[in-house]
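A short worksheet on the structure shown next.
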Amino acid sequence: MARSGKVRTFEVWRISVFALIAVVVLAGLAALMTPPWEDAARLPKNVSNLPDRKLAGSFVHHFGGPRDEAEWYKSDFYYPNSDHPAWKADLIHFKQDRIELEVRRQRTAYKKIAGAEYQRRGFHHFGRYEVVMQAAPGSGTVSAMFTHTHQQFGDPHDEIDIEFLGKDLTRLHANYFTNGQQLGGIYIPLGFDASKEVHLYAFEWEPDEIRWYVDDRLAYTATPADMPIPQAPGRLMLHLWSGGRDQVGWHGKPTFKDGARAKYYCLSYQAAGDETRQCSDAFNFSRHDN
């Protein structure tokens, strides 16, 4: 009888273990099958406050002055299934004469990097875009000013970029996307280190041409012969980030010093046909001749 009791006890124990394993496996499968956008921890916290789609007019903004939340938006979320970091509003720092965007090794759910993104509300179209800035140092960083829209907003992926890769800050990376296709590979020699000096960078966007400028020098011109020029109005954004493993070949291994910062002093947009003021009206080019 004792032996029979031990056998029954063993059988009950074995069944319990199998049941526990089954529960764990099923839970794991359920987690894998759950779409990431149904995971509340991954959803944008303030997605309802994303910049509106209104077509915006010309402006010039010298950072360090008054901040109007009706005109500016601090990203504070992350997108599922994206190689970008988690965007953290507290990594945007307001200084007396500039803003500083910071990138850190900071885990948020499955994201290992936290970056900063600051954008002008509304959509912008053809015209001249200027930024006065100093890029962040360190391999793996990407300091940028760009126009952008994407399929996730119900629009084509059109984009025009001014970017600085921390692995080589003696070059500007110019790029553009038209309906999801990118030209890529435009590297413009600067003659200086973009993380050590403040300079003015710009692009002029027309229906059939994009021209990039470094200070007051025309640096590169793209035409439809290279690739069709983007036509969709987009959001105007500043950000500092580092991507995942798929981006390492482009922006370099993420060996940047934790807390690296990009500095932005002025941002302006002059709509096509307009003659309003812009960043270059107050920028002393003679101080930055090389």
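The values are calculated or read from the model by the stated rules, or taken from the named source; none is laboratory data. Because the structure is a prediction, the values reported are computed rather than measured. Here the Cβ is made from the backbone with ideal geometry for all residues, glycine too, and neighbour counts use every protein chain on show.
Identify all residues within region 149-164 that are more than 16 Å from TYR264 (Cα to Cα) and crowded, with 20+ Cβ neighbours inside 10 Å; write none if there are none.
THR149, ASP158, GLU159, ILE160, listed by residue number.
Inspect region 195-202 for any residue being small (Gly, Ala, Ser), in contact with a Ser or Thr (Cβ under 9 Å, 6 or more places away or on another chain) and farther than 24 Å from LEU165 by Cβ and give the result as yes or no.
no
Sort out which residues of region 121-130 are of a type outside the set (Phe, Trp, Tyr) and either at pLDDT below 95 or crowded, with 22+ Cβ neighbours inside 10 Å (or both), and write them in order of number.
Selection gives ARG121, GLY122, GLU130.
Yes or no: region 213-231 includes at least one residue that is touching a residue at least 60 places away in the same chain (Cβ under 8 Å) and closer than 19 Å to THR149 by Cα.
yes
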